[in-house]
Every structure is written in C-alpha cells, then in structure tokens.
Amino acid sequence: MNNMFKNLVIWLVIGMVLMTVFNQFNTRQTSQAAMDYSQFYEEVKAGHIAEVVIEGRNLKAKTTDGKSITSYSPGDIWLISDLLKYGVKVKAKPEEEPSLLMNIFVSWFPMLLLIGVWVFFMRQMQGGGRGGAFSFGKSRARMLDESTNTVTFADVAGCEEAKDEVSELVDFLRDPTKFQKLGGRIPKGVLMVGNPGTGKTLLARAIAGEAKVPFFSISGSDFVEMFVGVGAARVRDMFEQAKKHAPCIVFIDEIDAVGRQRGAGLGGGNDEREQTLNQLLVEMDGFEATAGVIVIAATNRPDVLDPALLRPGRFDRQVVVPLPDIRGREQILLVHMRKVPMAPDVKADIIARGTPGMSGADLANLVNEAALFAARKSKRLVDMDDFERAKDKIIMGAERRSMVMPEEERRNTAYHESGHAVVAKLVPKSDPVHKVTIIPRGRALGVTMQLPAEDRYSMDRVRLLSTIAVLFGGRIAEEIFMHQMTTGASNDFERATEMARRMVTQWGMSDALGPMVYGENEGEVFLGRSITTHKNVSEVTMQKVDQEIRRIIDEQYALARRLIEENRDKVEAMAKALLEWETLDSDQLDDIMEGKPPRAPRPTQSSTTPPPSPPKDDAAGAAAPAAT
C-alpha cells in the first residue's frame, strides 16, 4: 500500500511539472500570435491607436476605444517617430527574458524525465524499490512478531503427530537450558513434507506463535532474481537479520524452488539457483555459528531436493504432515465451524466420515461452500443439507441444469450409470455407492459416486480387480440395453487400463510374471537424472506384459457383463428411477437391489417442494463423457 501511494505521488509530481512547462510554452506561443505589422501601421495612420508599450520588438497597444492588440516589429527604425507623428503615447520596457533556472529546467527536463522513469522501473523490477539501486541483495523476508502472529497450536488440528514433533522446538526456544544440560542439541532445521493443503505453513506459524519469538517468512522463489548473485546475497542478508533477532525462526515456503538437485539440466555453466542453494547450505551449517536460528522449510516435492540439504546438521528432522484421518478431519471441521453459525443437526463426525482423502484446505473449502449455499437461500444457520450439497459439488462438480440434452442421451446416461452402480453393488470389496446422478456435473454427463466406509491406506488385489469391473459396467449396460457404443466410457477405459498395467508392471500382482518391476528407466533429466535411458526389459517380456494386461481386462469385462445380464431387472429399475428423479441416494439403491420399489427422495430441510417430476424432452446435458 505504501509503495502504491509513493508511486501515485511520483506520477502526480511529474504530471504537474509537465503541465507547468506546457503552460509556459502555450503562453509564449499565445504572445506571439499577434496582428500583422502592416495592419498595425495602418491602424496607427488612421489614428485608432492611443498608446503603445514597446518590449524589445513586441508591441502592445491600446486603441482609442479601449481594445488591446499586439504586434511584432520587424526592426523598423522609423517606428517611434511615426508613432509620435500620429499622436500615439509611447512607453518602453526591457524585453522579459526567462530566468536562468527556467532555461536550465526547460533544456534539461526531457533528460531528467527519462532518467526518472528508468530509475522508477528499475526499482519496480527489484521488487518494491527498498533501498534503490543498493537493494539487490537485501532479503525480502517478512518478519512477524508476537503482536502480528496470533496463530497457536489450538488453531492447528488433524496432525497431532506432527505437532508433537515440532513442540520440542517451542520448548527449546522458551527454555534452552532444559536440553543443553543433558548435552542435547536442538535440530538446526526442520523440513515439513506433505500433500498440498495439509497445513505445513499454518503449523510453522503456530510454532512461532507458541514460542513468542520473531518469525521470518519467505518463499523459495523470492531468492531467485534475474541478476546473477542476487539470490546468494539475499540468503546472506536474511541470516544476518535472523542472527540479530535470535532466538528466532526462519520459515522458507516451497523450498524446492531453490533446493533442487545441483547439476540438473542438459547444460553446464554457472546457475544462479545453484549459487543460492550453495549459500543456503553454508549458512545452515558452515564455519559461522547460527545459534538460536531455527530454519523450518516446507515442500510437497521432497524427492527433488539436493541430498546435501537433507543431511543431519542442516535439516536434521523431516516432519511428515499427512492427510488427516477421520478423527483429524472431525477436529479440522470443528475448528472451521467455529467461524460459521451452525444448525443443531450438523454433525462433524458424520461429515468427516463422508470426506475421505480430503486435506485441511479441502475441508475449509467445504465449510465455506456450505455457508455460501445457506446464504443463497437466505438461511440464518448452515444445516446438514447445505453440507451435503457442498460435498457433492466439491467431489462430483457443479450441477449444469441449464444444459439441454436429447432424451436418447439421457436414457443412455441413465443405463450407463446404472451399470456402474449395479456392478459396484455385486462385486466383492467394492466401495459403497453413495449417490448416482444423471445431472451433468463438471465435465461429466452423469456420476456414480463411491465413498469408502473407512480410511484406506493400501489396495489389495481383489479390490483392484473389482474396481476395474465397475469401470466396465457403464459401457456394457449401453451395449445390452441401448444396443450402441458411445464415447462416454473413454475415461473409464483409460483408468481401467492404467490400473491393470500398474498391477502387472509395478505392484507384482500377476501370477504369470511374478513380483518384479517391468518398465523403462524414467528418470527426469531436469531433476539431475541421467539423460541416457536404457531398456531393462526385453521385447519378449513386454509382449508377455501386454498379454497379462489383456487377460486381466478381458476377465473383468466378462465378469461385469455376466453380472449385468443376470440382474437386468435391477438395471432397468435403476435407470427408470434415474430418469424420473435424476439422482438416487444409497437408501434408494438398496431398495432396488432388494427388488423393492425405491422410496421417494427425501425432501431437503430448507424447502417442502415435492421431488422433481419426470422431464419431458429436455434435461441438463453436455457433450462430455460420463464419468464414474
């Protein structure tokens, strides 16, 4: 904000100076726009001029009727005698010359303006203009103290093990002698690793908030500049500032921007990023002691970091911040729900059970979307129905009810999704079907949403095979009931083929090929890997791999076809219900699988409107493939 104000003042000053100069030019030009001398002389001879003021060659005259006119003399030596001859009163003044200061300013102003604009843009390129041309090597870290950082461990939920790991840092910063008297040494650096949105940055701020020490925050990309050597200078300056405020915490977010493996890439030469990394390595564990300065870094790409950065003495400890489990999700939801007025029917444990795999940022977004749904309907409280709608929007995509789709495509989509759902209900170890809809959502014409009953950390062979069979259910239903093939199953085939290939080549789940990895050397050149790739699998073996993938796919396709043909009545009933109500929940699906007529949809808590009647011709639609 201050930079914006300063820039505005600079441009206002430049504008005022330009206006002043242009006014001077306009004044001089106006003064020169005068009556022709011949016409002026005729007026004198006619006796129309009463008084003339001579300034050099400029003539300012007043007529007998009080008008003012100007003219310019070409140097007529008889002018004064003629004026006196015709009874004109004559006055003489020295010609006004612009001041020396104005002359210098007018002549040098264009040059000064160019220099000023150049300096302005150079300051902008350096990132804010602090310190002018000498701010290249200044650190851009922002310092938060006790008054500006109010985050504590109470604001962090869902990662109790990570909080326990870093709580030692807080104890050390508060009472260093507790560890030193036993000969212990606090870690110099802590690397927090985890998926995006799990709360790594929030946890680092909570450490500083609990310890009540200065907290320097900077991003890895802030070190990298277009000028060589600037990044290393900024690292030096940042650690010098940190030593002055010790004990303190230096937090580097997205450290993979400067911490990637050295020697990466196809060319040699002097790399600015590598210089920055070398300086960081020296500052963390070099000849100079950095007592009381703890470096915390966060990344979601630990595999690309340089090994020298991860050794003990630099980043002594790696803290994994995982995706939260069901209890962690409940705690995170409770933290975010404190800021939103909740209805009594909202149960955080039920929402947590239905959101497996979501990170802390996803859950914060879920609470926000639920609040927005409630605000659209002018509710005073956010209820469970709003959370259900928000969850469907996040997982399946936003509804696209405004799109028109022909009735034949609606029927095809209904049978496609029914095929997925029926196979998912019949194969072993398949995740429960939570909801089936033919309302276009996101890029899909319809969605069959399966949610695991509990958190899962690995997949067994039977579950993987069942998943492949479920993916084929949509296309098979189209063939059997609609007697056609559409492009809606393209994503299903892609996922099924990828899963079967990984079962054979990576996970060792093939009896014919055994527990062995089959694949090419896929090292990335720009991560410091070798540029030369070599085959470690023969052509004959790759043919066997292809045959095994084909066998898995053919077996699961045949299984899915048999299940659908044996349960034609259930697929028909499910498709009919989908065409009537557009969305079926798990209770309605259970009724259909038990041979009962499906119960009517539950009315939403916010309205008492009846369920939607069967559409006549038009319904929401899109040309995107249906997804599972």
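Some points to look at:
- Scanning the range 537-593 for residues that are of a type in the set (F, W, Y) and free of Cβ contacts under 8 Å to residues at least 40 places away in the same chain yields a count of 1.
- Applying the condition of being under 20 Å from V304 (Cα atoms) and open to solvent by 30 Å² or more (accessible area, probe 1.4 Å) to the range 220-256 and asking which residue is modelled with the lowest pLDDT yields V224.
- Selection over the range 179-193 of residues that are assigned to a loop (DSSP other than H, G, I, E, B) and surrounded by fewer than 16 Cβ atoms within 10 Å (Cβ to Cβ) gives a count of 5.
- Screening V335, V319, V293, V282 for residues that are open to solvent by 50 Å² or more (accessible area, probe 1.4 Å) and of a type in the set (V, I, T) leaves exactly one candidate, V282.
- When the criteria are applied in full, F40 meets the requirement of being part of a helix (DSSP H, G or I), of a type in the set (A, V, I, L, M, F, W, C), open to solvent by less than 90 Å² (accessible area, probe 1.4 Å) and modelled with pLDDT of 75 or more.
- Test: residue in the range 70-80 that is within 23 Å of V44 (Cα to Cα), hydrophobic (A, V, I, L, M, F, W, C), modelled with pLDDT of 75 or more and in contact with a Leu (Cβ under 7 Å, 6 or more places away or on another chain): no
- Condition check for I332: in contact with a Leu (Cβ under 7 Å, 6 or more places away or on another chain) and over 27 Å from I186 (Cα atoms): yes
- Close pairs from the range 354-380: first at positive phi, partner of a type in the set (A, V, I, L, M), Cβ under 8 Å, at least 6 apart: G357/L323
- Boolean, M509 is within 20 Å of S430 (Cβ to Cβ), touching a residue at least 24 places away in the same chain (Cβ under 8 Å) and not in a helix (DSSP H, G or I): yes
- Matching residues, the range 582-599, being in contact with a helix residue (DSSP H, G or I) (Cβ under 8 Å, 6 or more places away or on another chain), part of a helix (DSSP H, G or I) and open to solvent by 20 Å² or more (accessible area, probe 1.4 Å): M593
- Hits in the range 450-484 - residues which are under 25 Å from R401 (Cα atoms) and either part of a loop (DSSP other than H, G, I, E, B) or open to solvent by 10 Å² or more (accessible area, probe 1.4 Å) (or both): Q450, L451, R475, M482
- Scanning the range 352-384 for residues that are surrounded by fewer than 16 Cβ atoms within 10 Å (Cβ to Cβ) and in a helix (DSSP H, G or I) gives A361, N368, L372, A375, R376.
- Test: T505 is touching a helix residue (DSSP H, G or I) at 6+ places or on another chain (Cβ under 7 Å), farther than 16 Å from N412 by Cα and open to solvent by 30 Å² or more (accessible area, probe 1.4 Å): no
- All positions within the range 164-179 that are out of contact with any helix residue (DSSP H, G or I) (no Cβ under 6 Å at 6 or more places or on another chain) and under 19 Å from K200 (Cβ atoms): D164, E165, S167, E168
- Here S430 fits the description: part of a loop (DSSP other than H, G, I, E, B), touching a helix residue (DSSP H, G or I) at 6+ places or on another chain (Cβ under 8 Å) and either polar (S, T, N, Q) or open to solvent by 30 Å² or more (accessible area, probe 1.4 Å) (or both).
- Among the residues of the range 515-538, the ones that are at pLDDT 85 or above and either open to solvent by less than 60 Å² (accessible area, probe 1.4 Å) or not in a loop (DSSP other than H, G, I, E, B) (or both) come to 0 in all.
- Taking the range 55-90 as the range and being touching a residue at least 40 places away in the same chain (Cβ under 8 Å) and among the small types (G, A, S) as the test, only G87 passes.
- For I332, the criteria (1) under 22 Å from the mean Cα position of the chain (by Cα); (2) modelled with pLDDT under 85 hold in every case but one, which is (2).
- Under the condition of being open to solvent by 20 Å² or more (accessible area, probe 1.4 Å) and closer than 30 Å to V517 by Cβ, the residues counted in the range 548-581 number 8.
- Candidate set from the range 394-407 (those that are in a helix (DSSP H, G or I) and in contact (Cβ under 8 Å) with a residue 40 or more places away in the chain); member that is farthest from M485 (Cα to Cα): I395
- Taking each residue of the range 42-54 that is farther than 10 Å from S68 by Cα and among the acidic types (D, E) and looking for partners that are in a loop (DSSP other than H, G, I, E, B) and open to solvent by 20 Å² or more (accessible area, probe 1.4 Å) with beta-carbon atoms closer than 9 Å, six or more apart or interchain, yields E42/H48.
- Among the candidates P196, P176, residue that is under 30 Å from N278 (Cα atoms), at pLDDT below 80 and open to solvent by 40 Å² or more (accessible area, probe 1.4 Å): P176
The values are calculated or read from the model by the stated rules, or taken from the named source; none is laboratory data. Please read these numbers as outputs of a predicted model, since none were measured by experiment. All Cβ positions, even for glycine, are placed from backbone atoms using ideal geometry, and neighbour counts span all protein chains on display. Each accessible area value is taken on the protein alone, full model and side chains, heavy atoms only, with ligands, DNA and RNA left out. Shrake-Rupley method; radii C 1.70, N 1.55, O 1.52, S 1.80 Å.
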